[in-house]
Amino acid sequence: MADMFLDKFRALVPAYLDAKWTPAEGLTVEELRQMIADSELPDDLKARPRLPQVLEEFYLALGRCEEIMEAYHFFFDPDELVVEDGHLLFLEDEEERWAWGVDVDTLDVPDPLIVRRSSNSGMWNDEGATVSEFIFDLLEFSFEEEDAP
């Protein structure tokens, strides 16, 4: 499958960190596969050939870039991915009030819709965006906040 997001994710390093992207920012395919194998994901998901393409390419581009992976929100490392309430969770806010994920029935979609769960109520809400749209908007907001006077 052709890369859809890899270059756009790599471009976030120079855009937000004023540094050149290097392969050290991301994971290798082998590292990503091993981390997924080491996760607590159900065996049927570990046996899948891949995550949704958008998440796989995010980890390949930025999986070791702490400045982006932990910018006000925390992207789970691949070995921390979990399934709860039928959703693959991969992101939470720094106060752990919200968690974001995708419905496990949409894991074959290259860029599925993202949903948010409230830690207080356990209710899921549609964010009205795909994973890539949400990630790009979240990081833009996070780094604009950081640059504000």
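The values are calculated or read from the model by the stated rules, or taken from the named source; none is laboratory data. This one's a predicted model, so the numbers in the text were calculated from it and none came from an experiment. All Cβ positions, even for glycine, are placed from backbone atoms using ideal geometry, and neighbour counts span all protein chains on display. The accessibility values were calculated without ligands, DNA or RNA, using every heavy atom of the protein model including side chains. Shrake-Rupley method; radii C 1.70, N 1.55, O 1.52, S 1.80 Å.
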Pick out which of Ser39, Ser121, Ser132 has the largest mean-square fluctuation in a Gaussian network model of the chain, springs linking Cα atoms closer than 10 Å.
Ser121
Rounded to the nearest whole number, the per residue volume of the convex hull around the C-alpha atoms of the chain in Å³ is 111 Å³
Quick one: with all protein chains in place, what share of the accessible area of the range 1-114 is carbon or sulfur, to the nearest percent (1.4 Å probe)?
50 percent
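Using the heavy atoms of the protein chains and a 1.4 angstrom probe, tell me the accessible area per residue for the chain in square angstrom.
Values: 8070 Å² over 149 residues.
Normalised by residue count, the accessible surface of the chain is 54 Å².
Going through the DSSP H helices of the chain, which span 18 Å or more along their own axis at the Cα atoms while scoring at least 1.6 as a mean Kyte-Doolittle hydropathy?
Details: long enough: 131-147 (24 Å, 0.08).
Flagged H segments: there are none.
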Before rounding to the nearest 500, sum -39500 (n - 2.57) across all DSSP H runs of length at least 4 in the chain and divide by the residue total; then give [θ] at 222 nm in deg cm²/dmol.
-10000 deg cm²/dmol
For a quick check of your reading of the filter: which chymotrypsin sites (Phe, Trp or Tyr not before Pro) in the range 1-104 sit in a DSSP loop and have no more than 16 other Cβ atoms within 10 Å?
Tyr72
Gaussian network model of the chain, springs between alpha carbon atoms under 10 Å - residue of Asp44, Asp93, Asp77 with greatest fluctuation:
Asp44
Connecting C-alpha atoms closer than 10 Å in a GNM of the chain, tell me which of Arg64, Arg117, Arg97 has the biggest fluctuation.
Arg97
